[in-house]
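A short write-up of the structure that comes next.
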Amino acid sequence: MWDYSEKVKDHFFRPRNVGEIENPDAVGEVGSLACGDALKLMLKLDTSGRIADVKFKTFGCGSAIASASALTEMVKGKTLDEAWKITDNDIAEYLDGLPEQKLHCSVMGREALEAAIASYRGLKEEKPVEEGIIVCKCFGVTDNKIAHEVREHKLTTIEQVTNYCKAGGGCGSCHPQIQAIIDEVWQKEKEKTLFEMARKPAKKLTNIQKMKLIQETIERDIRPTLQSDGGDIELVDIDGDRVMVSFRGSCVECPSSKVTLKSTVEAKLREFVTDTVIVEEVVS
Amino acid sequence: MKVVYADNNATTMVAPEVVEAMLPYFTEYYGNPSSMHTFGGQVAKKMDVARQQVAEIIGADPTEVVFSSCGTESDNAAIWGILRANPRKRHIVTTRVEHSAVYNLGKYLAQSGYHVTELGVDSDGMLNLDELSDTIREDTAIVSIMYANNETGVIFPIEQIGQIVKSKGSILHTDAVQAVGKIPLNLSKSTIDLLTLSGHKLHAPKGVGALFIRKGITFTPFIVGGHQEKNRRGGTENVPSIIGLGKACELAKSYMDDEWVGIKQLRDTLEEEILKKAPDARVNGHKTQRLPNTTNLSFEFVEGEAILLLLNEKGICASSGSACTSGSLEPSHVLRAMGVPFTAVHGSVRLSLSRYNTREDVQYIIEHLPPIIRRLREISPYGREMKMKEQAAKVSAGIQ
């Protein structure tokens, strides 16, 4: 039996928001009977464009049902722009994790949400991951979809690809093609990095320029993201490459704040200021 | 919490009598059966008794019984043993519904340069014997076909198969792990050359099995080591488990005639009531040529793992051929080979009973399984398809 978290079990045994909405504003349907899991997500917006009601129906295993239930709780009250930002990792995190082999269930949630929002905006045909050549015939997964998952989740093995999008989980005859896609994606990424390193001159900033750029980056690229989730950040001090910040709002109590500090705050500052920046949290 | 164990094709409870028989061989009689001293020799004598008990349940001569660690080892030993003894023969015949011990070995051998023919089955899970006959060639080293299927319980006509195999001059191995102890076997009047059995499927412990090798069959050992098992399987024997296997075989033989009638009645009640109470359900496998303890049910538009989790919540232990219960993502290769439609293949549940199951157990499953299916169907997005199916069924029955 799979080692499911208590939260997965809770959402499986007591799924929230099961059912259908009459005259929904947006509907996203993904998966199929042949693939073994499917999800239908329905959204109703209020007059201010926020998701006022959400319902789902799903055919799938325990983690598929739990992922769908979690997703519906996560999108409630959000605008479509805010909901669009929800990733499959967010769904898995919300559930305190999923077994590796079940990560495709959270991917299915994200895809249903994308499909619903895209259908609302009339962008159905613009979903790039749906196009391409079928590589995994057992589950009907295209080369573009595999490449997308490889890039997005930094996948390096066929097993990981299978966990995220099912490709290669059937007869296994597509394994050489999947390996070739993985190799190609990382070869291209390597070439891109080398190219950018070669053309991008190292930034030589004065202290005043650096401090200004740090402040600008926090205001422009970091605070809005945190504020959208009820959190905030304050710049406390700058000492050479050390940037001291303090979290505010929901970020203070957030168990993932250490991850946010590195993966969002430090990553953005390294991207826009200098890659030697080290961000530290100070409690004030 | 109440526990109803209905997963006996996966493994069985070790019978109390078996435990009792084994215990002295951990403490009092711990000698090595290969030793020259009397202390070890007495253990060897007890092992001979166990070999006799195993031989009796399959109607073999004790010298034809080789102890092993499990069914998988016996299956591998049988196939490798024959291939190595006949190096010029590079063709193997098997089926698409074998247990993974043979199924995956077949895949491995195919990748290693052997020619492997996998015979298909019909929607009842039955083989086409004409196809089998046409498939066997001069260079066919071994035909390995299971006695009874672990997922559906379907019993193959193994003696007819054996006659075809013999007429073509090949060798027949059968994986009889699910059959031994459940249905009578008599290898003294049989066309079977090699037969696999496993202890934990018949109330002996896990980690012990046996391979029947008919006298006169040229066999190269799979595990090479000491001279144990008359040079057919190296390694010091798992004495306590072998004693347990012998006792379990003795018990199974004594229970088989009477008790399996009772178990079949329980299984039939279970099957009939579930089919009545859960619409759009089907039994996978032949109606009559089936093990008396096994039922494999498919419920359309729901997924097997979700069913198992909800059954587990009620203390009911069952199995599923659903993809999500395994790491492979693919639903059961057995059900797919039988052509079970996609609407049903993911929602399969296997219930397998033993002599320890009661009428109350069966009633408990009947009480809880249908509401679980209803609950999952309420969540399923295929409500429209279900209604269309119901409508089509009414039309075909003349009710509009």
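Structure notes:
- Mean projected area in nm² (Cα convex hull; one quarter of hull surface) for the range A:207-281: 4.2 nm²
- With a Förster radius of 60 Å applied to the beta-carbon distance between residue A:14 and residue B:129, the computed FRET efficiency rounds to 0.70.
- Accessible area per residue for chain A is 52 Å², calculated with a 1.4 Å probe on protein heavy atoms, without ligands, DNA or RNA.
- Coarse-grained scattering of the range A:147-284 at q = 0.15 Å⁻¹, given as base-10 log I(q)/I(0) from a Debye sum over alpha-carbon atoms: -0.86
- Residue by residue, the range A:54-60 carries 3J(HN,Hα) couplings of 8, 9, 9, 9, 9, 10, x Hz when phi is fed to the Karplus relation 6.51 cos²θ - 1.76 cosθ + 1.60 (θ = phi - 60°); x denotes Gly or Pro.
- Counting DSSP beta bridges with both ends in chain B, the antiparallel % (nearest 5): 55 percent
- In this Cβ point-charge picture (+1 for Lys and Arg, -1 for Asp and Glu), the range A:134-232 has a dipole of about 440 debye about its Cα centre.
- Accessible surface buried by the A/B pair amounts to about 2300 Å², both sides summed, 1.4 Å probe.
- Largest to smallest in accessible area, the residues B:374, B:51 fall in the order B:374, B:51 (1.4 Å probe, all protein chains included).
- Distance violations [Cα-Cα > 26 Å] among A:166/B:389; A:55/A:262; A:76/A:145; A:55/A:102; A:102/A:145: A:166/B:389; A:55/A:262; A:76/A:145
- Cα-based reach from residue B:264 at 16 Å (exclusive), listing aspartates and glutamates while leaving out same-chain residues under 8 positions away: B:7, B:272, B:273, B:360, B:361
- Computed over chain A: relative contact order in percent, which uses C-alpha pairs under 8 Å that are six or more apart: 12 percent
- Packing around the peptides A:146-159, B:343-356, taken as the average count of other Cβ atoms within 10 Å per residue, puts them in this order, highest first: B:343-356, A:146-159.
- Share antiparallel - DSSP beta bridges, the range B:16-252, percent rounded to 5: 45 percent
- Neighbourhood net charge (15 Å Cβ-Cβ; Lys/Arg +1, Asp/Glu -1) for residue B:129: -4
- Ellipsoid equivalent to chain A - semi-axes via the Cα gyration tensor, in Å: 35, 26, 18
- Semi-axes of the equivalent ellipsoid for the protein assembly as shown, Cα gyration tensor, largest first, Å: 56, 31, 25
- 0 to 90° range, to nearest 10: angle between helix B:100-111 axis and chain B longest Cα axis: 80 degrees
- Computed over protein heavy atoms with a 1.4 Å probe, the carbon and sulfur contribution to the accessible area of chain B reaches 52%.
- Rounded tilt (10° steps) of B:239-277 against the dominant C-alpha axis of chain B: 10 degrees
- When you work out D = kT/(6 pi eta Rh) for the range B:1-111 at 20 °C and 1.002 mPa s, using the Kirkwood radius from C-alpha pairs as Rh and the Stokes-Einstein form, the result is 121 µm²/s.
- Per-pair calculated FRET efficiency, R0 = 51 Å: residue A:246 and residue B:90 via Cβ, rounded to 0.05: 0.10
- Lysine pairs in the range B:16-252 with Cα atoms under 17 Å, if 8 or more residues apart or on separate chains: 14
- Antiparallel content of DSSP bridges confined to the protein assembly as shown, in %, to 5: 70 percent
- Integer Hz, Karplus 6.51/-1.76/1.60 couplings in order for the range B:20-32, x for Gly and Pro: 4, 5, 7, 3, x, 7, 8, 10, 6, 10, 9, x, 7
- Once the partner protein chains are put back, the range A:56-71 shows a loss of at least 20 square angstrom of accessible area, versus the chain by itself, at A:57, A:58, A:59, A:60, A:61, A:65 (probe 1.4 Å, ligands and nucleic acids excluded).
- Viscosity 1.002 mPa s, temperature 20 °C, Stokes-Einstein D of the range B:83-229 from Kirkwood C-alpha radius, µm²/s: 135 µm²/s
The values are calculated or read from the model by the stated rules, or taken from the named source; none is laboratory data. All of these numbers come straight from a predicted model, not from anything done at the bench. Note that each Cβ is placed from the backbone with ideal geometry, even for glycine, and that neighbours are counted across all protein chains shown. We work out accessible area using only protein heavy atoms, side chains counted, and drop any ligands, DNA or RNA first. Shrake-Rupley method; radii C 1.70, N 1.55, O 1.52, S 1.80 Å.
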